[in-house]
Amino acid sequence: MAFIKIDRDNFFYNLNQFVKRVGSKDKIAIVLKDNAYGHGLKIMAKLSYEFGLTQAVVRDIREAKSIDKYFKHILILGDRAVVNSKYSFALNSLDDIKRAKLGSIVELKIDTGMHRNGISLDELDIALELIKDRDLNLKGVMSHNRSADELSSELFWQDKIFNLVKNRVKFLGFKDIRFHSYNSASALRLNCRNQDLIRLGIGAYGYNELPDVYNKIELKPVLSLWANRVSTRRVKKAQRLGYGGEYIAPRDMIVSTYNLGYGDGWIRSNDFNIYIDTLPILGRVSMDYISLESREDEILIFNNANKIAKEMNTISYEILTQLSNNIKRVVT
Ligand SMILES: *Cc1c(COP(=O)(O)O)cnc(C)c1O
């Protein structure tokens, strides 16, 4: 099977770029949802701990349980709030508030313009009252920006609305609340010094998704995907390769099979011309194999998900999160 290398130095390098921006390791919550964006949940949790981070963000309780020994606090984005002194739960709706267990630690998500999740502004007072009535322990108020990585002013109006929310929450007498709305792109674009916390995902893994016009902070990809040679053969001109015989050899050539396929989370579609470095994938991707004109025993499939993502008409996030958890990961 293919394998993944996790570059510890690059990960630490990226984290340091953000520590410089926020001023403290304690103000960074590393986002480890979806198997740490495909990098491997436990590996990245452990590395985050070794770096000195104390906070994480995951999708559900199952993920939190498997890594909670590494962190002081974990924010869970999409699960029912239960009582656990180390976990807080994002509340996305009034129903979430009603379902939360008494005494659980919660963070209220506000819809400041993305219109995906969160309490709308005109529900804010009701939500806060309900949280008080139900004896929930309100630790934070949060929001999410929809266009932080796009060349527009939308980030600024969302930020402005969130400031109104902050003032309202404070005005209503809630104390010691942490307010947070910044993801990677927001943190790269805006001043972070006055933030209580940033929720750092893709940036930690080495991708600065801002358009080129911004003064770009260089980040270094952490993950590289590799495959091993399974077999090699001589193919004669006009012989056809793989399922459906879709690829027709234009000349005599040496072709090897490598142990990566759609079963590993590699996208199968033939609609794109995908290049492994400079080598095109020949014919269809099988469940466990691809064919390349190479004899290398070990081949680098990619170390920059953005390049592959462009060829596949998607985003780095999708390329990374699809990588199967069964692929062996090694830290280098
Ligand atoms: C995934 C996620 C993040 C991290 O976003 P990046 O763009 O990867 O930094 C932050 N906040 C919430 C609520 C998320 O779901």
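Potential lengthening of the chain between Asn167 and His115 amounts to 16.6 nm, from the contour at 0.36 nm per residue minus the alpha-carbon distance.
GNM, the chain, Cα, under 10 Å: largest mean-square fluctuation among Leu279, Leu91, Leu188? Per the Cα network of the chain with a 10 Å cutoff, Leu279 tops the list. Charged neighbours of Leu210, selected by a Cβ distance under 10 Å, balance to -2 (K, R count +1; D, E count -1). Can you tell me the relative contact order of region 8-205? Whole percent, Cα pairs under 8 Å, sequence separation 6 or more. Rounded, it is 20 percent for region 8-205. For region 276-332 versus region 46-78, the inter-centroid distance based on Cα atoms is 28 Å.
Comparing mean-square fluctuations of Phe272, Phe162, Phe51 from a GNM of the chain with C-alpha springs under 10 Å, the top value falls on Phe272. When the alpha-carbon atoms of the chain are used, the pair Rg, Dmax equals 22.9, 78 angstrom.
Average 1/r across all pairs of distinct alpha carbons in region 8-205, invert it, and you get the Kirkwood radius: 16.9 Å.
Computed from phi, the 3J(HN,Hα) profile of region 87-96 under the Karplus parametrisation 6.51, -1.76, 1.60 (θ = phi - 60°) reads 10, 10, 10, 6, 9, 9, 7, 4, 4, 4 Hz, with x in place of Gly and Pro.
Per-residue ellipticity at 222 nm computed for the chain from its helices equals -8000 deg cm²/dmol, with DSSP H segments shorter than 4 residues left out and the rest contributing -39,500 (n - 2.57). Of Ser147, Thr54, Ser186, which is farthest towards the positive pole of region 8-205's charge dipole, taken about the Cα centre with +1 and -1 on the beta-carbons of Lys, Arg and Asp, Glu respectively? In region 8-205, that residue is Thr54. By the equivalent-ellipsoid construction on the alpha carbon gyration tensor, region 180-332 comes out with semi-axes of 37, 15, 13 Å, ordered largest to smallest. Averaging 1/r over every pair of different alpha carbons in region 223-303 and inverting the result gives a Kirkwood radius of 12.7 Å. Note on region 169-269: percent of Cα-Cα distances in each 10 Å bin, starting at 0 and stopping at the bin with the largest distance, equals 11, 23, 19, 17, 15, 9, 4, 2. With neighbours defined as other Cβ atoms within 10 Å of a residue's Cβ, the residues Leu164, Leu15 order from fewest to most as Leu164, Leu15.
Quick note: the coordinates plus some simple rules give every number you see, no bench work behind them. Values in this document were obtained by computation on a predicted structure and should not be read as measured data. Here the Cβ is made from the backbone with ideal geometry for all residues, glycine too, and neighbour counts use every protein chain on show.
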